[in-house]
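The structure under discussion appears below in the form of structure tokens.
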2 protein chains.
Amino acid sequence: MAEESSETLHALGAALAARDGSAFLNTAEAIHYADLAAAYEALENDDDREFFLRTLGPERCPDVLADLPEGLVAKALQVFTPAQQRELLAEIPDDDRVDILQAVSDDTRRRLLGLLEKDEEELTRSLLKYGEETAGGRMTTQIGRLSADCSVQEALDTLRNQLEDTETLTRIFLVDARDRLVGKVRLRDLAFSDHGTPLREIMQPAELSILATADQEEAANMISKYDLAALPVVDEQARLLGVITPDDAIEILEEESTEDIEKSAGLTGETNEVTYLHTPIATHFRRRFIWLLGLAFLAMASGYVMLRFEGVLNGAFLLALFLPMVIATGGNTGGQAATMVIRAMALGELEPGHSAKVAWKELRLGLLLGLILGGSTTLVSVVLLPAFQAPLPPGISFMEFGLAVGTALAAQVTASTLIGSLLPLMARSANLDPAVIAAPAITTVVDVTGMVIYFTIARAFLGL
Amino acid sequence: MAEESSETLHALGAALAARDGSAFLNTAEAIHYADLAAAYEALENDDDREFFLRTLGPERCPDVLADLPEGLVAKALQVFTPAQQRELLAEIPDDDRVDILQAVSDDTRRRLLGLLEKDEEELTRSLLKYGEETAGGRMTTQIGRLSADCSVQEALDTLRNQLEDTETLTRIFLVDARDRLVGKVRLRDLAFSDHGTPLREIMQPAELSILATADQEEAANMISKYDLAALPVVDEQARLLGVITPDDAIEILEEESTEDIEKSAGLTGETNEVTYLHTPIATHFRRRFIWLLGLAFLAMASGYVMLRFEGVLNGAFLLALFLPMVIATGGNTGGQAATMVIRAMALGELEPGHSAKVAWKELRLGLLLGLILGGSTTLVSVVLLPAFQAPLPPGISFMEFGLAVGTALAAQVTASTLIGSLLPLMARSANLDPAVIAAPAITTVVDVTGMVIYFTIARAFLGL
């Protein structure tokens with residue numbers, strides 16, 4: 001249970017502050033590397049960070065380094081001598097090593113690659129070919145891999161020799177003479193089968209695999225959908241390259257969810273693994289500014305419409321009471337519709353091909369929402385406005401006014417619901433990321449249409 | 001790879017339409033249960049669904065049923081005779097069985113429990129005690145569990161006998177005489193150790209565990225943070241009850257992300273496992289209506305402010321050109337700040353205790369964004385408005401007007417950024433879910449403050 005860890009972390013902080021190396025090491029012994037990485041990230045000055053890493057030393061550091069946000073790794077590595085860096089890099093699992101090398105500058109990458117043993121360097125270089133966000137860029141090659149033509153006894157002997165180098169034995173994959181994936185066995189099948197049994201007799205077909213060049217999100221979605229303990233990654237010739245595991249899938253899905261959530265709020269740039277509090281103001285600024293600026297100037301279109309309808313507004317200034325409501329409700333219903341559609345696309349439930357079905361569903365929904373909201377607004381106007389002796393120009397009755405406002409709201413809600421659901425589908429058709437079309441962009445678009453709808457209907461109904 | 005599956009699914013649909021039972025069964029043979037569940041869900045009439053399940057039969061159905069959205073399970077079960085239902089329920093893993101029983105009516109639950117064997121019924125009843133969203137409600141009890149006092153040979157013999165009933169052997173947990181969790185071994189440690197070795201010599205301490213009554217999200221976050229292959233679930237006496245696995249964690253995290261995303265768009269009610277297209281209009285309506293209505297009437301506060309400032313707006317109607325921009329930009333920056341803070345809280349990076357740090361960060365950020373956006377707006381006004389011969393009342397210069405509008409925008413952006421970041425933290429302090437405070441609610445709040453800020457500053461600067 002996690003209760004004790006906050007005390008232990010406190011003790012770690014105290015040892016660090018006192019620069020007491022042996023107390024620090026003793027305490028760190030009992031702390032999970034993920035907590036050590038979080039503690040390191042929370043440090044605020046370089047001296048503390050240097051003491052932290054130097055004291056842990058190159059034996060304990062690999063797990064911690066592999067768990068740090070990418071942006072912090074290059075600087076952390078500099079604390080060590082080249083000989084220590086060599087030791088560190090050799091200890092880090094291959095997929096994490098590739099992540100680290102992808103995060104540093106080209107020069108540093110070349111230098112670090114030069115430190116590796118010949119065969120590790122080659123392996124790492126071949127993994128670096130795959131983009132960071134592909135299945136190949138995420139996989140580990142340190143897997144149990146056996147020839148399909150051996151027996152259970154031979155299999156166990158081979159695995160015993162590979163033990164040091166394998167990250168996962170949950171699923172063991174079988175290949176033919178050309179390294180092509182042909183099946184899989186579980187360690188339990190080996191442990192509890194007669195030792196003379198040929199593997200081909202107990203293996204399961206490996207039906208699911210993914211191309212190394214496929215998007216990492218596709219791999220994560222397959223692991224999620226099919227509850228896989230390991231998803232084999234293959235090349236164009238169906239040769240087994242490595243596997244992606246559920247912990248990779250969790251990380252990928254969390255990254256993608258964060259990205260979608262952030263994009264939908266108009267935040268640009270890559271999701272940063274550094275925590276909110278440790279992200280510098282400049283980065284926060286950069287991620288927020290462009291959309292704010294762009295949407296601000298787009299919003300002037302609404303202002304322009306309002307300016308053009310000066311006569312209508314001045315003809316019955318009471319219209320101002322319902323203006324923000326009509327505009328905002330359009331933004332809200334459009335945002336809801338967009339969110340549902342975008343999430344359904346992210347979960348693989350919807351594609352642009354479904355546009356007609358979506359439109360039909362949202363049209364009916366928009367009409368239903370619009371009629372009820374519009375009707376309530378008419379009712380409220382007719383009942384409450386006379387009671388408060390709200391100022392209407394002569395010749396216009398409260399009933400006429402209420403009907404105008406209610407009709408405008410109904411029209412705005414229907415239009416916005418449709419626009420909100422269809423814009424993300426159109427974005428996907430145009431190969432844009434639908435998440436960037438969400439709430440803020442939708443709101444700005446339906447603000448403009450809402451202004452036009454509101455004043456046009458008011459003018460027609462009230463004869464202004 | 002998944003390429004062939006769309007053809008196979010097509011063949012399945014054809015066999016279904018032709019009511020060709022043997023072709024259907026043969027095709028279904030090659031299809032993963034997750035794909036079968038999705039195909040079942042996509043069916044639109046009851047006859048098709050009945051044929052689908054009856055033909056698959058009670059042997060093949062358990063996996064498919066366990067993978068269906070909860071709302072569809074009760075009806076699916078009705079297709080079978082009580083004897084078949086008994087067979088089905090016995091085949092379904094314990095955690096999925098509990099999920100299904102939680103989804104049906106009280107009457108059905110009682111009846112189905114009555115169908116189970118005595119010991120299965122007791123186990124299921126004890127699992128049903130835990131809430132659906134707790135660690136206990138999610139765990140599987142079908143795990144490898146050994147006494148810490150046996151040898152590797154005894155361990156392997158015990159596991160061989162349990163093979164049928166264990167869902168996962170990735171991690172095997174060791175208990176003492178009172179069933180308390182004391183350690184863990186991996187199957188590979190057993191398979192490759194000398195058979196006489198006592199388990200205590202090769203076991204690892206089981207440092208991480210979770211109480212059965214803890215929230216499922218906490219369990220998922222631990223699995224994610226510590227890359228666990230299995231997280232043991234214990235009771236108050238530290239007795240081992242079961243484990244939660246990474247595929248549970250993936251499901252929990254996806255549910256929680258969807259919930260957060262939906263709440264942040266003002267969607268109420270439980271996230272439905274049924275896909276967007278198969279959710280009836282009535283459900284969509286129910287999830288969207290309340291927030292729309294509530295926020296619509298709140299938005300009338302903005303309208304009221306506008307009405308009160310009639311004199312200012314009529315004094316310089318050009319103010320209308322920048323009104324939507326000032327209001328909308330406040331909503332956008334507030335939404336961005338809220339999104340970042342809410343996501344950071346969901347990832348466990350932020351708590352209400354950090355409010356002062358957040359406020360200080362967002363205040364500086366708000367000022368920076370506000371000054372740059374406000375400055376640009378002043379510049380644009382001073383340069384462009386005279387060029388278009390925009391109508392200003394006598395006695396007010398374009399410079400005065402530009403400064404008023406720019407200052408108002410800067411004030412609105414600063415205030416909204418602060419409000420957007422702090423409201424979710426305040427919600428969490430008050431034990432409300434911060435996600436419901438996001439975009440739409442923030443927008444409505446800063447719409448009102450924005451109206452006041454805009455007209456107050458305009459009146460002061462322009463002397464209206």
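The values are calculated or read from the model by the stated rules, or taken from the named source; none is laboratory data. Please read these numbers as outputs of a predicted model, since none were measured by experiment. With ideal geometry, Cβ positions are generated from the backbone for all residues, glycine too; neighbour counts draw on all protein chains shown.
Structure values in brief
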| item | result |
| --- | --- |
| Which numbered condition B:Gln153 misses (of (1) surrounded by fewer than 18 Cβ atoms within 10 Å (Cβ to Cβ); (2) closer than 18 Å to B:Gly242 by Cα; (3) at pLDDT 90 or above) | (2) |
| Hits in the range B:328-349 (condition: within 21 Å of B:Ala408 (Cα to Cα) and aliphatic (A, V, I, L, M)) | B:Ala328, B:Ala337 |
| Criterion violated by B:Gln237 - all others in (1) within 18 Å of B:Asp67 (Cα to Cα); (2) surrounded by fewer than 20 Cβ atoms within 10 Å (Cβ to Cβ) satisfied | (1) |
| Of the criteria (1) hydrophobic (A, V, I, L, M, F, W, C); (2) within 9 Å of chain B (Cβ to nearest Cβ); (3) over 12 Å from the mean Cα position of the chain (by Cα), which one A:Ile250 fails | (3) |
| Residue that is farthest from B:Leu187 (Cα to Cα), among those in the range A:180-201 that are among the hydrophobic types (A, V, I, L, M, F, W, C) and outside any strand (DSSP E or B) | A:Leu199 |
| The range B:169-179, residues that are in a strand (DSSP E or B), in contact (Cβ under 8 Å) with a residue 60 or more places away in the chain and either more than 33 Å from the chain's Cα centre (by Cα) or within 13 Å of chain A (Cβ to nearest Cβ) (or both) | B:Thr170, B:Arg171, B:Val175 |
| Flag if A:Asp67 is touching a strand residue (DSSP E or B) at 6+ places or on another chain (Cβ under 8 Å) and assigned by TED's automatic domain parsing to the domain that holds A:Tyr40 | no |
| So B:Glu120, is it in a loop (DSSP other than H, G, I, E, B), touching a residue at least 24 places away in the same chain (Cβ under 8 Å), in contact with a helix residue (DSSP H, G or I) (Cβ under 9 Å, 6 or more places away or on another chain) and surrounded by fewer than 19 Cβ atoms within 10 Å (Cβ to Cβ) | no |
| Residues of the range A:261-290 that turn out to be more than 7 Å from chain B (Cβ to nearest Cβ) and part of a helix (DSSP H, G or I), as a count | 8 |
| The range B:444-459 residues that are in the same structural domain as B:Val305 (by TED's automatic domain parsing), paired with ones that are outside any helix (DSSP H, G or I) (beta carbon under 6 Å, 6 or more apart) | B:Phe455/B:Phe309 |
| Check on A:Thr329, in the same structural domain as A:Ile419 (by TED's automatic domain parsing) and of a type in the set (S, T, N, Q) | yes |
| Residue match in the range A:369-377 (condition: within 10 Å of chain B (Cβ to nearest Cβ), of a type outside the set (Ser, Thr, Tyr), farther than 28 Å from A:Asn221 by Cβ and surrounded by fewer than 20 Cβ atoms within 10 Å (Cβ to Cβ)) | yes |
| Single unsatisfied condition, A:Leu240 versus (1) over 30 Å from B:Thr245 (Cα atoms); (2) more than 7 Å from chain B (Cβ to nearest Cβ) | (1) |
| The one condition in (1) part of a loop (DSSP other than H, G, I, E, B); (2) within 26 Å of the chain's Cα centre (by Cα); (3) at negative phi that A:Pro393 fails to fulfil | (2) |
| Residues within the range B:142-168 that are more than 10 Å from chain A (Cβ to nearest Cβ) and touching a Phe, Trp or Tyr at 6+ places or on another chain (Cβ under 8 Å), tallied | 3 |
| Matching residues, the range B:295-318, being over 30 Å from B:Phe398 (Cβ atoms) and facing chain A (nearest Cβ under 7 Å) | B:Leu295, B:Ala296, B:Ala299, B:Met300, B:Tyr304 |
| Test: residue in the range A:278-286 that is in contact with a Lys or Arg (Cβ under 8 Å, 6 or more places away or on another chain) and either among the aromatic types (Phe, Trp, Tyr) or free of Cβ contacts under 8 Å to residues at least 60 places away in the same chain (or both) | yes |
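Residue by residue, here is whether (1) part of a loop (DSSP other than H, G, I, E, B); (2) facing chain A (nearest Cβ under 7 Å) holds:
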position	(1), (2)
B:Thr329	no, yes
B:Met345	no, no
B:Gly348	yes, no
B:Gly353	no, no
B:Ala356	no, no
